[in-house]
Amino acid sequence: MAERALPVEALIVVDVQADAVRGDRAVPEADRLVDRTAELIARARKDGALVVHVQNDGRPGAGDEPGTPGWELHHTVEASPTEVVIRKLRDDGFHGTPLGDLLRDSGVRALTICGVMSEMCVQATARTALELGYRVVMPHDAHATHDIPAAPGISGPVPAAAVSRVAEWALGSDLEVVARAADVEFAAPAPHGG
């Protein structure tokens, strides 16, 4: 793990929605996740970085079905040219969304990804960002998931903390993992051609 990352120009906040952070279906340590993501959002805004809230549109009956209380974003969005919401239908925040165009058009070269679920939407979005050539920083304390239940004949339960760490590890050596959200620094994207 890196101690402190070089500045990034964008923050991607993946699926920090009511269903994932409040109530019976919340991830373990949801309060920590909410605090860390709020901290990242505040610092990214202050430093002029692009802030992208990715919002999952769950299937009918899912906890994050559009229009339901669980679908609502947890953090308040300050709508502006440098803070936007992108809705998605798949795990990968790039798939079928304008995220790639937005990052390119904004001059972003490096980004931080946080949110839920570590091994699903966070990992899928980070993997595509890496494949597209972005420098990707992931603060270990700013993404989360659920425990994996036991599977008879396969394994006992896997704690959420272990699942999150494996999600980072599986992204390979190009991912920059920092221990704390506080270790991420932000900067405004360079003007086009800069």
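Restrict the check to the range 93-100 and report whether at least one residue is more than 15 Å from VAL21 (Cβ to Cβ), of a type in the set (S, T, N, Q) and buried (at least 17 other Cβ atoms within 10 Å of the Cβ).
Yes, the conditions are met somewhere in the range 93-100.
For the range 167-191, a residue qualifies if it is closer than 24 Å to PRO81 by Cα and charged (D, E, K, R), and exactly one does: GLU185.
Could you list, in sequence order, all residues of the range 3-24 that are within 24 Å of LEU103 (Cα to Cα) and not in a loop (DSSP other than H, G, I, E, B)?
At the first step, the residues of the range 3-24 found to be within 24 Å of LEU103 (Cα to Cα) are 4-17.
Selection gives VAL8, ALA10, LEU11, ILE12, VAL13, VAL14, GLN17.
Restricting the range 143-159 to residues that are aliphatic (A, V, I, L, M) and in contact with a helix residue (DSSP H, G or I) (Cβ under 8 Å, 6 or more places away or on another chain), the residue that is nearest to VAL178 (Cα to Cα) is ALA144.
Of the residues screened, VAL27 is one that is assigned to a loop (DSSP other than H, G, I, E, B), at pLDDT 95 or above and β-branched (Val, Ile, Thr). For the range 79-88, indicate whether the set of residues that are of a type in the set (A, V, I, L, M, F, W, C), under 23 Å from LEU171 (Cβ atoms) and either open to solvent by less than 10 Å² (accessible area, probe 1.4 Å) or not in a helix (DSSP H, G or I) (or both) is non-empty. Looking for residues that are of a type in the set (A, V, I, L, M, F, W, C), under 23 Å from LEU171 (Cβ atoms) and either open to solvent by less than 10 Å² (accessible area, probe 1.4 Å) or not in a helix (DSSP H, G or I) (or both), one finds at least one in the range 79-88, hence yes. The set of residues from the range 14-40 being more than 21 Å from ALA124 (Cα to Cα) and of a type outside the set (Lys, Arg) comprises GLY23, ASP24, GLU29, ASP31, ASP35, ALA38, GLU39.
The values are calculated or read from the model by the stated rules, or taken from the named source; none is laboratory data. Quantities reported herein were computed from a predicted structural model and do not represent experimental measurements. With ideal geometry, Cβ positions are generated from the backbone for all residues, glycine too; neighbour counts draw on all protein chains shown. To get the accessible areas, we keep the full protein, side chains included, count just its heavy atoms, and leave off ligands, DNA and RNA. Shrake-Rupley method; radii C 1.70, N 1.55, O 1.52, S 1.80 Å.
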